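Engineer: First the structure, which I've put down as structure tokens, then a few questions once you've had a look.
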Amino acid sequence: MKLGLVAMSGLRAHNAELTRLGLTMPGFVERNKTIASLPSLGLLTLAGMTPDDIDLGYFEVDDIAEFPGLPDDYDVIAISSFTAQMKDAYVLADQFRAQGKRVILGGLHVTARPDEARQHADSIIIGEGEPSWPGLIDDLKKGELREVYDSRATPFDLADAPMPRYDLLDPERYNRLTVQTQRGCPFDCEFCAASIRLSPQFRVKPVAKVIAEIRRIKEIWPKPFIEFADDNTFANKKHAKRLVRALIPEHIKWFTETDISVARDSELLALMRDSGCAQVLIGLESPTLAGLTGIEQKSNWKARQLDGYYAAINKIQSYGITVNGCFVMGIDRTGPESFQQVLDFVRDSGLYEVQVTIQTAFPATPLYDRLQASGRLIDETAWELCTLFDVNFRPDCMTVEELENKFLWLVQEMYSAEATKARRTSFFNLRRERTKNVRVRAGGTG
Ligand code: B12
């Protein structure tokens, strides 16, 4: 049996003007180029659980119009896509099935809309892939493939995580690779469409497994840049310290997503620095209380962090770790004034890097359900707008056009060569200052 693993891996924005702008803005292009070249860790993970008697091939599809198809001898195809490219994934799935191949679908969007996905597949997995994959493969071999496998009853124990098949990748294609160290998140943000929608419990992967994955990557890429494909790497500080301590002797550079509470732990920050952390991406979401209120649904946690934003950014960056602060435009209670507010905050805070996105109602999020119930979704199944750069809902304090136009304005201001240079300079000045102080202190005691 030959199994083709097909990852949908294209797309940035549906909005043509933004795509055009994105091609000329230095900061925007930099981040986009970097993230555009990541493989599907989901499929590589499932490949790691696939028995040896099944031949595997890994393929990426950027634009379906340019995809040449797969060799005839692939008889089963597993496709992975997020919401934005799901309609393209369905087109491919339908083509494969018309050629007599069996198609399996899974992932975040399939979990959000299983009944829709079933119409384009011989079989789907709802929820995390690992709990159902071995059973699906057995059934496939017996010719008894079921239409639906549902993993949601038990969250997958990451102590049982298989080794992702990084060896299936073409080493030339990637400048960084992903490793997952945790799933779920202790917080519950209304718009979050990441792994908590597969299985909400916060779980960590044993440190030894993470290190083994990094070492496997190093067999192929001796000096890798690792992006942790996590939602909140350092939510559990005790585990976090064990993890970063173990990273030190690996001599890698790495990047991750986390929440702002890392700033409160000097020991953790020092370990992060010593273990090669280049940047942390933090969802600051909004620089105003109006914008932050209600986003985190369990305890309004995000709103309660606002007063500490400046100090936290400064503290993290003083360790030589750059902060990529993310802001979401179009949140309820924020209007046209919010764009200048973000611009001012970014300038005053000294953030090294910034990412602005448009609030997006992804299917099966509390945000989607709330906006649907109040008739505020523009088109309930316009999945192609779920890019984080397009508008799929009606904001409450501005028009759709205002949100689109002001967003374009903000992107232009934020990623201009001048503004990008100012952010870099401010960070490097802070680092120089810090090194000088450390030298003075060392001199004083020596
Ligand atoms: C790496 C990454 C990418 C990479 C790699 C994508 C890829 N092909 O996997 C690139 C750069 C290409 C990318 C592109 C995009 N991304 Co992205 N990306 C991520 C990131 C950082 C990590 C994802 C990851 O590796 N998770 C770990 C793996 C193990 O989990 P997984 O993929 O969900 O797989 C598990 C299950 O879903 C399931 N599964 C997955 N696929 C399949 C297939 C089958 C057949 C089966 C049975 C099971 C199965 O099994 C796996 C193991 O349990 C997340 C943010 C985050 N912190 O999670 C955003 C994230 C997934 N991306 C997001 C978005 C919006 C995008 C873009 C639209 C951005 C853009 N404007 O272009 C595009 C969409 C492309 C598309 N196909 O639709 C959103 C998706 C939300 C959603 N529900 O759709 C996220 C959650 C970020 C966010 N801020 O909300 N992304």
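Engineer: Does ILE378 meet the test of being away from the ligand (no atom under 16 Å from the Cβ), closer than 17 Å to THR83 by Cβ and in contact (Cβ under 8 Å) with a residue 12 or more places away in the chain?
Structural biologist: Yes.
For (1) in contact with a strand residue (DSSP E or B) (Cβ under 6 Å, 6 or more places away or on another chain); (2) within 12 Å of the ligand (Cβ to nearest atom); (3) under 21 Å from LYS2 (Cβ atoms); (4) not in a loop (DSSP other than H, G, I, E, B), each residue gets a yes or a no:
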residue: VAL110; (1), (2), (3), (4): yes, yes, no, yes
residue: ILE125; (1), (2), (3), (4): yes, yes, yes, yes
residue: GLU144; (1), (2), (3), (4): no, no, yes, no
residue: GLN201; (1), (2), (3), (4): no, no, no, no
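Engineer: Name the single residue, out of those in segment 240-297 being among the acidic types (Asp, Glu) and either within 22 Å of GLY308 (Cα to Cα) or touching a strand residue (DSSP E or B) at 6+ places or on another chain (Cβ under 7 Å) (or both), that is nearest to the ligand (Cβ to nearest atom).
Structural biologist: Looking at the filtered set, the residue picked out is GLU257.
Engineer: Could you check segment 320-374 and list, in sequence order, the residues that are touching a Ser or Thr at 6+ places or on another chain (Cβ under 6 Å) and small (Gly, Ala, Ser)?
Structural biologist: Listed by number, the list holds a single entry, GLY350.
Residues checked against (1) within 25 Å of GLY10 (Cβ to Cβ); (2) in contact (Cβ under 8 Å) with a residue 12 or more places away in the chain:
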{"position": "TRP383", "(1), (2)": "yes, yes"}
{"position": "ASN392", "(1), (2)": "yes, yes"}
{"position": "GLU401", "(1), (2)": "no, no"}
{"position": "LYS406", "(1), (2)": "no, yes"}
{"position": "LEU410", "(1), (2)": "yes, yes"}
{"position": "MET414", "(1), (2)": "yes, yes"}
{"position": "GLU418", "(1), (2)": "no, no"}
{"position": "ASN429", "(1), (2)": "no, no"}
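Engineer: Condition check: free of Cβ contacts under 8 Å to residues at least 12 places away in the same chain, assigned to a helix (DSSP H, G or I) and surrounded by fewer than 23 Cβ atoms within 10 Å (Cβ to Cβ). Does ASP348 satisfy that?
Structural biologist: So ASP348 fails the test.
Engineer: Quick check on my filter: what residues within segment 219-262 are touching a helix residue (DSSP H, G or I) at 6+ places or on another chain (Cβ under 8 Å) and of a type in the set (Val, Ile, Thr)?
Structural biologist: Residues satisfying the conditions are ILE220, ILE226, THR233, VAL244, ILE248, ILE252, ILE260, VAL262.
Engineer: Among residues belonging to segment 119-147 that are closer than 19 Å to PRO51 by Cα and of a type in the set (S, T, N, Q), point out the one that is nearest to the chain's Cα centre (by Cα).
Structural biologist: Here the answer is SER132.
Engineer: Now, a different point. Filtering segment 94-108 down to residues that are of a type in the set (A, V, I, L, M) and near the ligand (Cβ under 7 Å from one of its atoms), which residue is farthest from PRO200 (Cα to Cα)?
Structural biologist: ILE104
Engineer: Starting from residues that are within 17 Å of CYS189 (Cβ to Cβ) and either touching a Lys or Arg at 6+ places or on another chain (Cβ under 9 Å) or in a helix (DSSP H, G or I) (or both), keep the ones in segment 351-367 and report whichever is modelled with the lowest pLDDT.
Structural biologist: Ranking the qualifying residues of segment 351-367, first place goes to GLN355.
Engineer: Sticking with this one: Could you say whether any residue in segment 60-75 is within 8 Å of the ligand (Cβ to nearest atom), touching a residue at least 12 places away in the same chain (Cβ under 8 Å) and not β-branched (Val, Ile, Thr)?
Structural biologist: Yes, segment 60-75 contains a residue that is within 8 Å of the ligand (Cβ to nearest atom), touching a residue at least 12 places away in the same chain (Cβ under 8 Å) and not β-branched (Val, Ile, Thr).
Engineer: While we're here: Anything in segment 298-322 that is part of a helix (DSSP H, G or I) and hydroxyl-bearing (Ser, Thr, Tyr)? List them, or say none.
Structural biologist: Those that are part of a helix (DSSP H, G or I) and hydroxyl-bearing (Ser, Thr, Tyr): TYR309, TYR310, SER318.
Engineer: Of the residues THR34, THR50, which single one is at pLDDT 80 or above and of a type in the set (Ser, Thr, Tyr)?
Structural biologist: THR50
Engineer: Out of all the residues in segment 228-280, which are among the acidic types (Asp, Glu), outside any strand (DSSP E or B) and within 28 Å of ARG197 (Cα to Cα)?
Structural biologist: ASP230, ASP231, ASP259
Each row is one residue, and each column tells you yes or no for (1) of a type in the set (Asp, Glu); (2) under 16 Å from the mean Cα position of the chain (by Cα).
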| site | (1), (2) |
| --- | --- |
| TYR149 | no, no |
| ALA153 | no, no |
| LEU158 | no, no |
| ALA161 | no, no |
| LEU169 | no, no |
| GLU172 | yes, no |
| LEU177 | no, yes |
| GLN180 | no, yes |
| GLY184 | no, yes |
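The values are calculated or read from the model by the stated rules, or taken from the named source; none is laboratory data. Computed from a predicted model, the values in this text were never measured in an experiment. So basically every Cβ, Gly included, is an ideal-geometry build from the backbone, and we count neighbours across all protein chains shown.
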